[in-house]
Amino acid sequence: MVLAVGAVPAALSLSSTLSRDSEVKSGMVKRQYAAISGQQYAKSAITQPVLLASMVPGASNTQLLTVRGNSVNVTITELDPIGMDVEGVSSQADVVMTLDVSGSVSSSELVLLKDAAIQVVDALDILENAGEVRMGVRRFRGSSASVVAMTDVDQPAAAPPVVPLRAGINGLVQGGPGLTSGTNLVVGLTGANAQFATGLGDRPTVPNLIIMITDGDDTAGNSNATIAAASLATGAEVFAVGVGDEIQTASLNAIATDGIPTDPGYNPADPNAGHRFYASDFSGLLSIIDGLTTAVIESMQIRVFRIESSVDGYLVESVVTVGFDGTVTEQSWTIR
């Protein structure tokens, strides 16, 4: 191509402009790449036990990365999942509450036990979608029996022969008529596990949880090792609630599931702490229900994180969920 002399400066100016434009666009692509790389890094990080154990809703973790010469600020913030509309993940659970109704529980104490049990039902009846949580109730002494088959916690009534949860709990009778005497914690656990049957409304693909409330140590000769083995054999996540001075911490530890490093607030020196609760008497039982139900909800809920990765004012923001099985699902993606 032949250019007139007058056209040469114009051509050079255009070439310079195109070159600068190319550099700008190339820089933008590099920043975009770096910011997106920050997102990928964060999505991998939130599956790591050390980070997960340190996070709670509202807490943030900020890290500075270098990607191909670009400094990337990555901030991970955990959000409260309750009531959030999220796709592609499950927050369902089948829960069995097994209640010690042995002779040591007086009639007045049984009233307080019923109140606490109903408060657990009410606390689990807060999730956004109907049918997310099903609960069954059992009673135990030396033997165990079903009180209510698996029923949606948000179902105020049920067709016979299913008894509504709250009515079934209120129908418990002091002394546990029809049950053998004593306190057999292994039977309490195996009975609860028997409730996880499809004929009783259990859903095979939904995680199982057990809440055991007892006021005494085992009187059937079961060692703590045997109790722990029975708890593990249920395959469920087990929460132990002890009431009064007749139940030992060692027994509660045997009942309770060991936490894992990804649990919020996990303490390796006391791995059962997040699954073990204690009230000095039945009057104090209601005061620990909030902590218990929060732990139960956390165990069955997804965890939700906002990830922000920025490079020189270029920001990529996403919201992702981590399911109970560790699956990361992207819920939203924004570029600013």
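The values are calculated or read from the model by the stated rules, or taken from the named source; none is laboratory data. For clarity, every value in this text was computed on a predicted model and none was experimentally measured. Don't worry about glycine lacking a Cβ; one is built from the backbone with ideal geometry, like all the others, and counts go over all protein chains shown.
Please find, within the range 27-82, the residue that is farthest from the chain's Cα centre (by Cα) out of those that are part of a helix (DSSP H, G or I) and either of a type in the set (Lys, Arg) or outside the structural domain of Ile307 (by TED's automatic domain parsing) (or both).
Here is the first cut: in the range 27-82, the residues part of a helix (DSSP H, G or I) are 27-45, 49-54.
After this cut, where a residue has to be either of a type in the set (Lys, Arg) or outside the structural domain of Ile307 (by TED's automatic domain parsing) (or both) as well, the list is 30-31, 43.
On the way: Lys30: 38, Arg31: 36, Lys43: 19 Å.
Top of the filtered list is Lys30.
If you take the residues in the range 179-228 that are charged (D, E, K, R) and under 27 Å from Asp152 (Cα atoms), which one is surrounded by the fewest Cβ atoms within 10 Å (Cβ to Cβ)? Spell out how you get there, then give the answer.
Going residue by residue through the range 179-228, those that are charged (D, E, K, R) are 202-203, 215, 217-218.
Retained after the next criterion (residues that are under 27 Å from Asp152 (Cα atoms)): 202-203.
Numbers: Asp202: 17, Arg203: 15.
Going through the qualifying residues, I end up with Arg203.
Can you tell me which of Ser287, Ser231 is in a helix (DSSP H, G or I) and surrounded by 22 or more Cβ atoms within 10 Å (Cβ to Cβ)? Let's see the steps before the verdict.
Working: Ser287 fails: surrounded by 22 or more Cβ atoms within 10 Å (Cβ to Cβ).
Result of the check over Ser287, Ser231: Ser231.
Which is assigned by TED's automatic domain parsing to the domain that holds Gly188, buried (at least 18 other Cβ atoms within 10 Å of the Cβ) and either over 24 Å from Asp122 (Cβ atoms) or among the aromatic types (Phe, Trp, Tyr) (or both), of Ala250, Ala269, Ala254?
On the way: Ala250 fails: buried (at least 18 other Cβ atoms within 10 Å of the Cβ); Ala269 fails: buried (at least 18 other Cβ atoms within 10 Å of the Cβ).
Going through Ala250, Ala269, Ala254 in turn, just one is assigned by TED's automatic domain parsing to the domain that holds Gly188, buried (at least 18 other Cβ atoms within 10 Å of the Cβ) and either over 24 Å from Asp122 (Cβ atoms) or among the aromatic types (Phe, Trp, Tyr) (or both): Ala254.
Could you tell me whether Thr293 is touching a helix residue (DSSP H, G or I) at 6+ places or on another chain (Cβ under 7 Å), under 27 Å from Ala59 (Cβ atoms), assigned by TED's automatic domain parsing to the domain that holds Lys114 and modelled with pLDDT of 85 or more?
Values: touching a helix residue (DSSP H, G or I) at 6+ places or on another chain (Cβ under 7 Å): yes; under 27 Å from Ala59 (Cβ atoms): yes; assigned by TED's automatic domain parsing to the domain that holds Lys114: yes; modelled with pLDDT of 85 or more: yes.
For Thr293, the condition - touching a helix residue (DSSP H, G or I) at 6+ places or on another chain (Cβ under 7 Å), under 27 Å from Ala59 (Cβ atoms), assigned by TED's automatic domain parsing to the domain that holds Lys114 and modelled with pLDDT of 85 or more - is met.
One residue is enough: does the range 254-273 have a residue meeting the conditions of a type in the set (Gly, Ala, Ser), outside any loop (DSSP other than H, G, I, E, B) and over 18 Å from the mean Cα position of the chain (by Cα)?
For the range 254-273, residues of a type in the set (Gly, Ala, Ser), outside any loop (DSSP other than H, G, I, E, B) and over 18 Å from the mean Cα position of the chain (by Cα): present.
Could you tell me how many of the residues in the range 175-227 are assigned to a helix (DSSP H, G or I) and out of contact with any Leu (no Cβ under 6 Å at 6 or more places or on another chain)?
Taking the range 175-227 first, the residues assigned to a helix (DSSP H, G or I) are 185-194, 198-200, 224-227.
Those left that are additionally out of contact with any Leu (no Cβ under 6 Å at 6 or more places or on another chain): 185-194, 198-200, 224-226.
Here the count works out to 16.
Restricting to the range 148-174, and then to whatever is at pLDDT 85 or above and either in a loop (DSSP other than H, G, I, E, B) or more than 26 Å from the chain's Cα centre (by Cα) (or both), can you tell me which residue is surrounded by the most Cβ atoms within 10 Å (Cβ to Cβ)?
Across the range 148-174, the extreme among qualifying residues is Gly168.
Could you say whether any residue in the range 120-128 is at pLDDT 90 or above, in the same structural domain as Leu172 (by TED's automatic domain parsing) and over 20 Å from the mean Cα position of the chain (by Cα)?
No.
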